[in-house]
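Engineer: Got a structure here, written out as structure tokens. Questions coming.
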Amino acid sequence: MDLDFVQKLIEFVSRSPIAELEIERDGVRIRMSRQAAPAQSASQAQSSPQPTAGTAISSDPASTAPPIARHSIRAPLTGVFYRSGTEGEPPLVAVGDVIAEGQKVGVLEAMKTFNVVESDRTGRIVQIAFDDHAAVQSGDVLFVLEDLG
């Protein structure tokens with residue numbers, strides 16, 4: 001595999017909303033993933049710290065809250081992602097919504113066929129990775145859920 005190709009993949013993943021990429025080419029498999037919270041720049045590091053989506057805030061330093069379990073709903077195939085069921089309707093789900101297993105959360109259009117994207121578990125949506133009408137690849141993270149547990 002060409003080193004320039006690998007560098008371009010790294011740049012692509014760093015600029016895109018996807019959290020993970022796996023590719024196989026010429027018998028070589030590469031898997032890249034990144035942390036949910038990006039590194040702080042020097043100017044951000046000097047200012048007061050701001051909580052991020054994955055940050056647990058506690059007033060008691062002795063208390064140790066268990067980490068929040070997260071789950072990704074991934075694109076089952078390559079196509080165009082739609083957040084609503086049909087044109088002109090509001091999105092099926094939004095950040096903060098509690099969804100049930102089997103609930104319709106989006107639509108993927110592939111080869112002029114519309115395929116329903118359903119949740120494979122119950123949880124609260126904490127991130128929607130793509131905008132409406134975005135081109136997605138099979139395996140791309142579409143939604144991130146937080147277990148209600």
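Engineer: I want the local charge near Q103. Using Cβ-Cβ distances under 14 Å, sum +1 for each Lys or Arg and -1 for each Asp or Glu among the other residues. Walk me through the intermediate numbers first.
Structural biologist: Values: positive: R83, K104, R121, R124; negative: D97, E101, E118, D120.
Every neighbour counted, the sum reads 0.
Engineer: Taking H as built 1.01 Å from N, whose amide H comes closer than 5 Å to the amide H of V126, not counting residues under 5 places away?
Structural biologist: Counting only residues 5 or more places away or on other chains, the set is G96, V144, L145, E146.
Engineer: What does the charge count near L145 come to, summing +1 for each Lys or Arg and -1 for each Asp or Glu among other residues with Cβ under 11 Å from its Cβ?
Structural biologist: Details: positive: R70, R121, R124; negative: D97, E101, D120, E146, D147.
It works out to a net charge of -2.
Engineer: Ok, one more. Based on the mean of other Cβ atoms within 10 Å per residue, sort peptides 91-99, 24-32, 103-111 so the most packed one is first.
Structural biologist: Numbers: 91-99: 14.6, 24-32: 10.2, 103-111: 16.7.
The densest-packed peptide leads the list: 103-111, 91-99, 24-32.
Engineer: Let me ask something else about it. What does the net charge come to around Y82 if you take all other residues with beta carbon closer than 9 Å to its beta carbon, with K and R at +1 and D and E at -1?
Structural biologist: On the way: positive: R83; negative: E87, E109, D132.
Within the 9 Å Cβ shell, the charges total -2.
Engineer: While we're on this one: At what distance in nm do the modelled label points of A94 and M32 sit from each other, each positioned 7 Å from its Cα along Cα→Cβ?
Structural biologist: Those two pseudo-labels are separated by 3.4 nm.
Engineer: Quick check: pseudo-label points 7 Å beyond the Cα along Cα→Cβ at D147 and D120, how many nm apart are they?
Structural biologist: Placing both labels 7 Å along Cα→Cβ, they lie 1.5 nm apart.
Engineer: Something else now. Could you check the spin-label model distance between T113 and D4? Points 7 Å from the Cα along Cα→Cβ, value in nm.
Structural biologist: 3.8
Coordinate-derived values only; no laboratory data. Nothing here was measured: the structure is a model prediction, and the numbers come from that model. Neighbour counts run over all protein chains shown; Cβ positions are idealised from the backbone, glycine included.
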